[in-house]
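Notes follow the structure.
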Amino acid sequence: MTITINRLARRFADFRALDDVSLSIAPGEFVALLGPSGSGKTTLLRILAGLDFPDSGDLLQDGRDLLQVSARDRGVGLVFQHYALFRHMTVFENVAFGLRVRPRARRPSKAEIAERVDKLLKRVQLDGMAARYPAQLSGGQRQRVALARALAIEPSLLLLDEPFGALDAQVRVALRRWLRHLHEEMGLTTVFVTHDQEEALELADRVVVMNRGRIEQVGTPDEIYQQPATPFVFEFIGKSNKVPVRIHGARLQAGDQRFEADALEGLADGSAVAYVRPEHLALSTTPLENGWKATLRHVYLSGSVAHLELDVPGLGQTLEAELGGEEAQRRSLQAGMTVTVQPRHLTVFPLDGKTGEPDLARRRVVHPRYGQAALARWR
Amino acid sequence: MARRVLPGFGLSLGYVLTYLGLLVLLPLAALAVKASGIGLAGLWNTLSAPPVLAALKLSFGAALVSALINAAAGLLVAWVLVRYSFPGRRLFDALVDLPFALPTAVAGIALTALYAPKGWIGEWLVPLGIKVAFTPLGVLIAMIFVGFPFVVRTLQPVLESLDRDIEEAATSLGATRLQTFLRVLFPLLLPALLTGFALALARAVGEYGSVIFIAGNIPMKSEILPLVIVKQLEQFKYADAAAVGVIMLALSFVLLLAIGLLQRWSRRWAER
């Protein structure tokens, strides 16, 4: 059961909630829609559920036009951020609701309903809670009731809107591992919306990064993190340093440094912006010829990682670097030291001459050439 | 003793008890004392007089029917005022309160003028064989009028606080609009609806001013119980009047108690 989203657009007054969004969801896939608030991810989810309709574009399920199918007939399981449980019904009645409202011809018998609800409650680890009202449950329990209720109608597609948004950190982590297992067991096509990158990267098979109603990048969590396609993805996912650079004769001029690299061949001269992840900055305490000279301003140890704040006069800005906490101690890195900073690789977006915007089509991943001596010192 | 975070419990409780005692209990007690003057046999005699019995039936019967009608109509009005936006919504919202503000005699005279055989509405109804003014139907209409705001005003905040997503959840689970209303929305509205019903009922039972103008006050036919009391007072039969008052009070109390129990049952899910 493949879902094809083709050039969807949705406007609310002057606000473009969705702008030319296309995506294909394979059967059994676990997809995360990730983006800041207002990026259109919830609108897309609501259109998938049939609770909202696009101004233009198509939505197909195995070639069938889903936009002609009402929310009631879509057979989509939907889990809301704030659970949306029926608070006047017991847990049992909540889960049974989708079966009880079926037309008589398709409605299972009472005994069958009871059996299916019991099974589902076991599955979401809520057996023994059937007679309670939602007000008597914790947040995590309520969310699992909402999930069981959505699964009861045997949906072909499961949609979750910020499913862990209202839970506290510990419950959230436990519940999302559990959800991942559940997905592996059931193999149900699942789409969930989140603004939490950690959640998306940990849970999903594929992450769709959205911004201002557009899809910025679609890829596996690894691709999204390692090979961000746009400046937005760089800034939104993980940490990154943004460095203004110039391309000049197939070389990269960054502050007082000039880097040579093969990837720059064929790029016209001009301004560009480069992004480099903190863990892709190599530090050397012995002065090296290539690389920015920097003063180590702070070392923050957070758990197993050391975050370093570097003052780089040659760039006129600070850079953030990261390395293992143990390594930082082994090399006795301390505030006040002078170090040489070498980016192992940077992603460069040349700026468009007219608009001054980063040109995504001319994106290059640049591995500067350093001498053998430098390479040896990185490790 | 448990330490209280909010101060003034003793003072405020004392004030509340004193206030309620002076305002509510004392007059009621005086009424009961006055009524006891005629003894149980006297009470029974007063009650079993056919005009009193007829008025009792009319007062409570019409009040119950009017409260039911107000519950249904009030639900609809509250729903429209909360859920839809249309030009003049605020104006209509303000109109709801007018039956509260209007002196009841004015309301009664206005209704009589409308429904009298020569009135704007009456002149169309009378040829159809429907007489409103000076009949029990008129009593009912006056009671509906004065009780109308209660259901609307008790339902509005509850309707506003209902989250859209429970309806969306019901829809995506396959429920029709009717099923969503009957199984999801109505049970959530029921406690407030019962509160509004009880208030409208209490008001209708006790209503005097607007009813007597339109009722025509024909004994055994369109005479309400409060008027029976007034008539007895005019004949200086104070104990009899008090006896009828006590009966009204007792019946109202039983009705309100029953509604209260029903309401508690209807929100059993809110208890932890």
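No value in this document is a laboratory result; all are computed from the given coordinates. Computed from a prediction, not measured in an experiment: that's the story for all the values here. Every residue, glycine as well, gets a Cβ built from its backbone with ideal geometry; the counts of neighbours run over all protein chains shown.
Brief remarks on what is shown
- Once the chain from B:Glu234 to B:Thr176 is taken as fully extended at 0.36 nm per residue, the excess over their C-alpha distance is 14.9 nm.
- Placed amide H near A:Val366: partners under 5 Å, 5+ positions off or other chain: A:Leu346, A:Thr347, A:Val348
- In region A:151-310, the convex hull through the Cα atoms has an average projected area of 13.7 nm², a quarter of its surface area.
- Hz values of 3J(HN,Hα) by residue in region A:233-238 - Karplus curve (6.51, -1.76, 1.60), Gly and Pro given as x: 5, 4, 7, 7, 9, x
- Note on region B:88-107 and region B:164-189: Cα centroid distance 32 Å, given to the nearest whole angstrom.
- Using all pairs of distinct alpha-carbon atoms, the Kirkwood hydrodynamic radius of region A:111-156 works out to 10.8 angstrom.
- For residues of A:44-55, the mean tally of beta carbons on other chains within 10 Å: 1
- Each principal axis of the Cα cloud of region B:32-121 was evaluated for its coordinate range; sorted largest first, these ranges are 61, 35, 21 Å.
- Computed from point charges on the beta carbon alone (+1 for Lys and Arg, -1 for Asp and Glu), the dipole magnitude for chain A about its Cα centre is near 1000 Debye.
- Relative contact order (%) - criterion: Cα under 8 Å, at least six apart; region: region A:259-324: 27
- Set the Cα radius of gyration of region A:86-170 against 2.2 N^0.38 Å, with N its number of residues, and you get 1.09.
- Here region B:37-157 is assigned +1 on the Cβ of each Lys and Arg and -1 on the Cβ of each Asp and Glu. Its dipole about the Cα centre then comes out at about 140 debye.
- Farthest positive-ward along chain B dipole, Cα basis, beta-carbon charges - from B:Ser12, B:Pro191, B:Pro149: B:Ser12
- For the protein assembly as shown, the calculated P(r), taken from all Cα-Cα distances in 10 Å bins from zero up to the bin holding the longest distance, is 3, 11, 15, 15, 14, 13, 11, 7, 5, 4, 2, 0, 0 percent.
- Assuming charge only on the beta carbon of Lys and Arg (+1) and of Asp and Glu (-1), the dipole of region B:38-270 about its Cα centre is about 220 debye to the nearest 20.
- Computed over region B:1-159, Cα set: Rg, Dmax in Å: 22.3, 74
- Each peptide in A:98-104, B:48-54, A:137-143 receives the mean, over its residues, of other Cβ atoms within 10 Å, and ordering these scores from highest gives A:137-143, A:98-104, B:48-54.
- Total lysine pairs under 23 Å (Cα atoms) in region B:38-270, excluding pairs fewer than 8 apart on one chain: 9
- Residue-wise HN-Hα coupling along region B:226-237, computed from phi with Karplus coefficients 6.51, -1.76, 1.60 (Hz; x: Gly, Pro): x, 5, 4, 4, 4, 5, 5, 5, 5, 8, 6, 8
- Peptide A:70-80, shielding by other chains (average Cβ, 10 Å cutoff): 4
- Least to most buried among B:Leu23, B:Leu190 (fewest other Cβ within 10 Å first): B:Leu23, B:Leu190
- Extent along principal axes [Cα atoms of region A:239-378; Å; largest to smallest]: 46, 29, 23
- Alpha-carbon centroid distance for the pair region A:222-294 / region B:210-272, whole angstrom: 86
- Put in line by how crowded their Cβ is, counting other Cβ atoms within 10 Å and starting with the fewest, B:Leu261, B:Leu194, A:Leu23 read B:Leu261, A:Leu23, B:Leu194.
- Calculated on the alpha-carbon coordinates, the convex hull of region B:196-237 measures out at 86 cubic angstrom per residue.
- With Rh defined as the Kirkwood radius, the inverse of the mean 1/r over Cα pairs, the Rg/Rh of chain A is 1.08.
- Cα-based equivalent ellipsoid of region A:14-73: semi-axis lengths in Å, sorted from largest, via gyration tensor: 19, 15, 11
- Mean Cα-pair separation over length for region A:239-378, i.e. relative contact order, pairs under 8 Å, 6 or more apart, %: 27
- Normalised alpha carbon radius of gyration of region B:149-272 [divisor 2.2 N^0.38 Å]: 1.51
- In Hz, Karplus ³J(HN,Hα) per residue of region A:144-152 (6.51, -1.76, 1.60; θ = phi - 60°; x = Gly, Pro): 6, 4, 4, 5, 4, 4, 5, 6, 4
- Amide H partners (placed H, <5 Å) of A:Leu157, local residues excluded: A:Gly77
- MRE, 222 nm, helices only [DSSP H, n ≥ 4, -39500 (n - 2.57), over chain A, to nearest 500]: -7500 deg cm²/dmol
- In the calculated pair-distance distribution of region B:110-161, the portion above 17 angstrom amounts to 46 percent of the Cα-Cα pairs.
- Region B:38-270 shape via C-alpha gyration tensor axes, a/c threshold 1.5: oblate
- Counting Cα-Cα pairs of region A:85-241 in 5 Å increments starting at 0 gives whole-percent bin shares of 1, 8, 17, 17, 17, 13, 9, 7, 6, 3, 1, 0, 0.
- Counting only DSSP beta bridges whose two residues both lie in the protein assembly as shown, roughly 80 percent are antiparallel.
- DSSP-assigned coil residues among trypsin sites (Lys or Arg not before Pro) in region B:1-74, each with at most 16 further Cβ atoms within 10 Å: B:Arg3, B:Arg4
- Relative contact order (%) - region B:38-270, alpha-carbon pairs under 8 angstrom, separation at least six: 31
- Cross-link reach list, aspartates and glutamates versus A:Lys110, counting only Cα pairs under 15 Å and skipping chain neighbours closer than eight places: A:Glu93, A:Asp118
- Per-residue Cβ neighbour rank within 10 angstrom, fewest leading, B:Leu178, A:Leu51: B:Leu178, A:Leu51
- Structural size metrics of region A:280-335, computed from C-alpha coordinates, are Rg and Dmax of 11.0, 33 Å.
- Sparse-neighbour loop sites [GluC sites (Glu not before Pro); region A:276-379; at most 11 other C-beta within 10 Å; DSSP]: A:Glu289
- Counting Cα-Cα pairs of region A:217-291 in 10 Å increments starting at 0 gives whole-percent bin shares of 17, 40, 36, 7, 0.
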